[in-house]
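The values are calculated or read from the model by the stated rules, or taken from the named source; none is laboratory data. Note that the structure is a prediction, hence the values are computed from the model and not measured. Note: ideal-geometry Cβ built from the backbone for every residue, glycine included; neighbour counts use all protein chains shown. Side chains are part of the model used for accessible areas, which takes the heavy atoms of the whole protein and leaves out ligands, DNA and RNA. Shrake-Rupley method; radii C 1.70, N 1.55, O 1.52, S 1.80 Å.
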Amino acid sequence: MQKTTFASLVALSLSLSLAARPVRSADDAPAPPPGDVVTLERIMADPDWMGNSPEGAYWADDGKSVFFARKATGSDHRELFRQAIDAGSTAAKVADAALGRSDQPGGAFSPDFRLKAYLHDGDVFVKDLASGDLRQLTRTSEEESSPFFFADGKRVGFRRGDAWLVRDLESDLEWQAVDVRTEKDPEKKDDPTFLTEQQQRLFEVLQQRTSKRDAERARAKAEQAADSTRPPLPFFVGADTEITDSALSPSGQYLLAVIAKKSRDDGKKDNMPDYVTESGYVDVKQVRPRVGTPKYETPKLVLFDLAAHAQTELDAAVLPGITDDPLKTLREAAEVARKAKSDKAKAETKDDKASTDAKGSKHAKDEKKPASRAILYANLLWSTDGSGVVLQAFSVDNKDRWILTVDLESKTLVPLERLHDEAWINGAFNEMGWLRDSKRIWYLSEETGYSHLYVRPVAPGEHKRPLTSGAFEVSDVVLTRDGSHFYASANREHPGVREVYRIALRDGETERITALEGQTDFVLSPSETDLVLTASFRTRPPELYLQAAQPGAAARQITDSLSAEYKAIHWQEPEIVAVPSSHVKAPIYSRVYTPEGWSADRKWPAVIFIHGAGYLQNATKGWSYYFREFMFDNLLARHGYVVIDMDYRASAGYGRDWRTAIYRQMGWPEVEDLQDGKAWMEQNKSVDGARVGTWGGSYGGFLTFMSMFRKPDLFACGAALRPVTDWSAYNHEYTANILNTPEIDPEAYNKSSPIEFAAGLEKPVLICHGVEDDNVVFQDTVRLVQRLIELKKTRLFETAIYPVEHHGFREASSWLDEYTRIWELFESNLKPR
C-alpha cells in the first residue's frame, strides 16, 4: 500500500475538485453543467447543505392539517411545523409557546372515539375531538406514561413511576388505583428458628405483644378497606425487586405486572477511555456488557385482583417447549471439548487427579440444564372492555416466542401460539393487538418464512387464520375504527418497494393503495379517508405526500425540503439488479452504479460497498440510510468505477431463510454473495477482476475483514470502518441471536471472528475507528492491530483513529478525513499508473 500522511491526503482533497477531473480513459465524458459538481468536501459536509427532510409526520385531530418535525439548521434540535392540507399551502413553524396545546401523535381513545388522551412532555392531556376542548390532567416534574380510557369512557388511567393513577373526568378526583410495593410484607413471618420458637413458648409477654400487634394491623387494614376515601391496601412483592412492566385493566379490577430481581446480573461492563476531554484528564466510561455475560432469570408475572385484594404468581411452566433445550447438542459438545482440553493440560502439567476433577465438576455445574428455560415477557395488552389480556414471552436463548392470555377466573396462564425457530426469532415482526370485539387478536408471525398477518380467538383451542400470504413481508399494521380492515406496509410487488395495502378482516382481500414505487410509510387520517405518506426514492430523501385512502388515487407532494444546491447535481439513480446466486435459488438484490462513458470495449475498476447493521435492507428503490455512501458511490462512478451495493444474505426484506443463513457462520454466506457480485460485474460490466476493492462500516467493516482474510484474491484492497473483529467482544442482544454464547458455542465464535483469520491478509487494508465508539468498542481494532503486527503484516495495513468519534461519526472533519483516505486507497490500488 502506498504510504501517505494525513496532511498530504487533506491537501489533495482540498486542492482538487474531484468531480471536475476527467474520468480516466474516458476522454469523451461530458463536462458537468454549472452546479453539477460532486466533491468529497461537499458530500462529507454537515448534511444541512442538502436540506432537512420532514420527520414523524402525523395528522391534526381535525384532519385538516399535518404536523411534522424538521431538524433545525446547525443544531440537532427538532422544530415542529404545521401545514394545512389545502393545495398551495405552506408549512408554518409552531411557536414555542403553542407547543403545549398543539395536537400530538398517537394517544388512546375513549370507546366511542369522542375523547383522546395523550402525553406531551411527560404530562397527560385529554381532548374532546368534537368541540376541541383540551384539559391538562397533570403538570409535574415526573414522567407520566401509558394513558388509557376505562371501559366506561369517563375515567383515564396513567402511570407515574410504578404507580397507576386514575382521574375521574366528571368529578376531577384523582386516586391511586393500586399500591404495589417492592418491600417485604410486614405481616409475613420469617421461618421460625429454634430460638424464636423458644422465645414465644417461654415468655408470655412476647405472646401478648405479638397478638396485640397482629390485631392492630388487622383492624387498621379493615378500617382502610372500608373507607372509600383512603388509598387502596398495599400489595408487597418482596425486597430487592423492581416492577419492569405493568398494565392496568380498563375494567379497573386487575393489574398484570412483571417483577424482576433488582440485583440481577446484567453482565460485566467494558471500560472505554475518553482522551479528548474538557479537563484534559482521561475520562473512563462504562459501556455495554459482552455477549454471554448477562445472567438472565425468568421474572415473576403477577396478576393482582384489586377487588379481592389478592395476588397470584402465574406459572410459566405451562408454556409448550419451555423445558426443551434447543442447545443441548452444542452444550454437550462444548463440555466434551473443555474436558478434553483439561485432560490435555493434566497430561502436560501432571496435575493431580483431584485438581482436574474439581475443574470438571465446576464446568458441569456451570452448564447444568435448568428445568425450564429463562424467558422474558413483553407487550402486555388488555382488551378495550378489560375482559381479557394478552402478552408475549420470549425465550432468552432466542428460539421461541409465545403468545399468551390469562384465565382471569382460574388465575392461570394460557398459551395461544408458539413460534419456534431453530436459528432465532425475528424481533422485527412482533406486532400484536385486539380486534374490536375483544374476543380475537391479530398478530404478525414469520411462521411461513415471511412476516404475515393472522387473526385468532383468544379462547383456548381455537385456530388462527392467515389474512396474507406469499413471498413478501407485512409490517406496520393499523386496524380501522370499525374493525373491518387493516392498513399495512408490505413489499409485495418488489422486495425493494414498500407500499401501503388495505386488508379485509372478513376474507383477507388485499388492495394496493399506493403506487409510488419507492419506500413509503403512512399515517391514516382521523376520518380514515386519507393518508399522509412519507415517501423516498433512490436519489431523493423523504418528503410528505397526501393521498385518498383508495386504490389508484393520486398522491400529491406537500413538502419540498431539498436545497437548490442538492437539486443542481445530477445524481445517478442506481439500477436495482437481481444478481444470480451460485449457492441459493433466490437472487441477491443489489444497487449498481455505472461510470459515465461506460463501454464494453475496455476493462473498468470496481468497488463493492458492504452495508452495515447486518439486518438492514439497502438495495431498495427508496432513500438509503447510507446517504453519504450513496453520494460517494456517485463520485466513484463519475471517476470511472463500477459500484455495486449488495443485500447479501442476512439482510432485511427477504424473509426468514435469507435472514438466518448466517446462523453460527457469520461472514461465510455473505462472502459467497460478494463473490457472486464481483463475478456479475466481470460478466456484465466489463470489470477487471484484478482491480476490485471494497469498503464498509460496522457489519460492513466486519465483512471487509472476512473477505480479505479468508479470500485473499477476492479484492485488491479494502477499507474497514468501525469494524467488529471478535464477536465475543460484542453485545449480547444482537450476537447471542446468531452465534448463541461463547461458552455454549465456541466453534461459532471461532468460525465467525475475523481475528481468527488475520493471517490470511495479503492485500492492503485501511482500518478506521472512533475511540469513543460504545457500540463496537475501539478495543476491537486495537486487538486486531496487535495481531497483524505479530503476523508481520506491517506493509499491508494502515490505521486511522478518530479521538472524539462514536460509532456513527458526528464531525464533518472526521467524515472528510475518513473518506479522503478511502478515496486515496482506491485510486492507489485500483487505477492503472
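Tabulated values for the structure
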{"item": "Between the range 252-319 and the range 774-813, the Cα center-to-center distance that results, in Å", "result": "32"}
{"item": "Aspartates and glutamates whose Cα lies under 12 Å from that of LYS793, excluding same-chain neighbours fewer than 8 positions away", "result": "GLU762"}
{"item": "Share antiparallel - DSSP beta bridges, the chain, percent rounded to 5", "result": "80"}
{"item": "Given charges at beta-carbon only (K, R positive; D, E negative), |dipole| of the chain in Debye", "result": "1660"}
{"item": "Residue-normalised accessible area of the range 233-335, expressed per residue, 1.4 Å probe, Å²", "result": "52"}
{"item": "Which of GLU493, GLU170, GLU818, GLU672 is most accessible, then next, and so on - probe 1.4 Å", "result": "GLU170, GLU493, GLU672, GLU818"}
{"item": "Residues whose placed amide H lies under 5 Å from that of PHE778, excluding near-sequence neighbours", "result": "ASP773"}
{"item": "The range 645-785: Cα Rg divided by the 2.2 N^0.38 Å rule of thumb", "result": "1.03"}
{"item": "Over the range 713-782, relative contact order from alpha-carbon pairs under 8 Å, at least 6 apart, %", "result": "51"}
{"item": "Among the listed pairs LYS269/LYS339; LYS711/LYS831; LYS763/LYS792; LYS295/LYS339, those beyond 25 Å (Cα-Cα)", "result": "LYS269/LYS339"}
{"item": "Rel. contact order, % - alpha carbon contacts under 8 angstrom, at least six apart, the range 493-632", "result": "21"}
{"item": "Sequence of ASP657, ASP240, ASP179, ASP400 from largest to smallest accessible area, 1.4 Å probe", "result": "ASP657, ASP240, ASP179, ASP400"}
{"item": "Net length gained if the chain between ALA553 and THR323 were fully extended (0.36 nm per residue, minus Cα distance)", "result": "77.5 nm"}
{"item": "Heavy atoms of SER387 accessible to a 1.4 Å probe, total area in Å² rounded to 10", "result": "70"}
{"item": "Anisotropy class of the range 704-775 from Cα gyration tensor, a/c 1.5 cut", "result": "oblate"}
{"item": "Compactness of the range 674-716 as Cα Rg over 2.2 N^0.38 Å, two decimals", "result": "1.15"}
{"item": "Under 25 Å from the Cα of LYS344 - lysines, other chains or at least 8 residues apart", "result": "LYS328, LYS353, LYS359, LYS362, LYS365, LYS368, LYS751"}
{"item": "Cα-based shape type of the chain, given that a ≥ b ≥ c are square roots of the gyration tensor eigenvalues and the cut on a/c is 1.5", "result": "oblate"}
{"item": "Solvent-accessible surface (1.4 angstrom probe) belonging to SER590, in square angstrom, nearest 10", "result": "0"}
{"item": "Cα shape, the range 639-714, gyration tensor, a/c 1.5 rule", "result": "prolate"}
{"item": "Accessible surface of the chain, 1.4 Å probe, proportion on carbon and sulfur as whole %", "result": "51"}
{"item": "Surface accessible to a 1.4 Å probe, per residue, for the residues of the range 97-232, Å²", "result": "63"}
{"item": "Average Cα contact separation per residue, the chain, under 8 Å, 6 or more apart, as relative contact order %", "result": "10"}
{"item": "Mean-position separation - Cα centroids, the range 441-492 and the range 692-711, in angstrom", "result": "38"}
{"item": "Potential lengthening between HIS463 and ALA378 on full extension [0.36 nm per residue; Cα-Cα distance subtracted]", "result": "28.3 nm"}
{"item": "Value at 222 nm in deg cm²/dmol, rounded to 500, when DSSP H runs of n ≥ 4 in the chain each add -39,500 (n - 2.57)", "result": "-6500 deg cm²/dmol"}
